[in-house]
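> Just passing along the structure, written as structure tokens.
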Amino acid sequence: MSQRRVQIVILCEDRQQEVFARYFLKKRGFTGLFRANICPEGSECGSDYVRKQYPVEVKAYRQNKNRVAIGLVVLIDADTGTLAARLNWLASVLDEHEQENREPNEAIAIFVPKRNIETWIHYLQGETVNEEAVYAKFEKNEAVCKTAVEDLADRCYSQSLPEDAPRSLQAACEELQRLLPLLQP
């Protein structure tokens, strides 16, 4: 049985987040077109870039969702804040642009790694992590996360993520549910 081809837009702070999202989504069965909107290196703070682009991408998603199978995946680090604070921050920017907050039935998934995406990757590679520490980046070797991310996708699907997984990573598995209806024929 062939799966439905879906267009996925990935809005993120950096290349590592984009690679992580792409491996995760491909493993979960998303085989269509991926379009990445990544903060240009050295241009501005990644979270500020995502915040500026979020209302633009949400508007484009809403204009297209009834004519094509499309989803929006947003990655934004929590940094020293909380998951809830980042989600509220993004909701407020929609309000500032006179747009409704995302609805439960919209294929808009927001992944908020706390402290950053590297926290998740180091955890998935078997390290003990906490969400306050800063972990080493994988510059010029972003694909190193592939096997671990694919394993994560399977664990999210089977709802077998370990209890000691970072809370923000558990929330990402829950966010995946917003996208899965796109795979239905």
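> For the stretch 49-185, report the convex hull volume of the alpha-carbon atoms normalised per residue, in Å³, without decimals.
Once divided by residue count, the hull of the stretch 49-185 is 128 Å³.
> Among F24, F138, F34, which one shows the biggest mean-square fluctuation in a GNM of the chain, springs joining Cα atoms closer than 10 Å?
Ranking F24, F138, F34 by mean-square fluctuation puts F138 first.
> Enumerate the calculated ³J(HN,Hα) couplings along the stretch 178-185 in order (Karplus 6.51 cos²θ - 1.76 cosθ + 1.60, θ = phi - 60°), each rounded to whole Hz, writing x wherever the residue is Gly or Pro.
5, 9, 4, x, 5, 7, 6, x
> Over the chain, with the other protein chains present, what is the accessible area per residue in square angstrom, probe 1.4 angstrom?
On the way: 9450 Å² over 185 residues.
Value returned for the chain: 51 Å² of accessible area per residue.
> At 1.4 Å probe size, with the rest of the protein present, what percent of the exposed accessible area of the stretch 81-138 is carbon and sulfur atoms?
Looking at the stretch 81-138 in its full context, I get 49 percent from C and S.
> For a quick check: with amide H placed at 1.01 Å from N, whose amide H comes under 5 Å from I108's, ignoring anything fewer than 5 positions away on the same chain?
Distant-sequence amide H within range of I108: L72.
> I've got another one for you. Output the pairs from K52/K140; K26/K52; K52/K114 with a Cα-Cα distance over 23 Å in this structure; if there are none, say none.
From K52/K140; K26/K52; K52/K114, over 23 Å: K52/K140; K26/K52.
> Something else now. Classify the stretch 1-127 as rounded, prolate or oblate, taking a ≥ b ≥ c as the square roots of the eigenvalues of its Cα gyration tensor: rounded when a/c is under 1.5, otherwise prolate if a/b is larger than b/c and oblate if not.
Since a/c reaches 1.5 but b/c is at least a/b, the shape of the stretch 1-127 is classed as oblate.
> HN-Hα J couplings of the stretch 140-148 from phi, Karplus 6.51/-1.76/1.60, θ = phi - 60°, integer Hz, Gly and Pro as x?
6, 9, 4, 6, 4, 7, 3, 4, 5
> Next question. Taking springs between alpha-carbon atoms closer than 10 angstrom, which of G71, G126, G42 fluctuates most in the Gaussian network model of the chain?
Among G71, G126, G42, the largest GNM mean-square fluctuation belongs to G42.
> Highest GNM mean-square fluctuation, the chain, Cα pairs closer than 10 Å: which of R67, R102, R51?
Result for the chain, Cα springs under 10 Å: R67 fluctuates most.
The values are calculated or read from the model by the stated rules, or taken from the named source; none is laboratory data. No experiment lies behind these values; they were computed from the predicted model shown. Just so you know, the surface numbers come from the protein's heavy atoms only, side chains and all, with ligands and any DNA or RNA stripped out. Shrake-Rupley method; radii C 1.70, N 1.55, O 1.52, S 1.80 Å.
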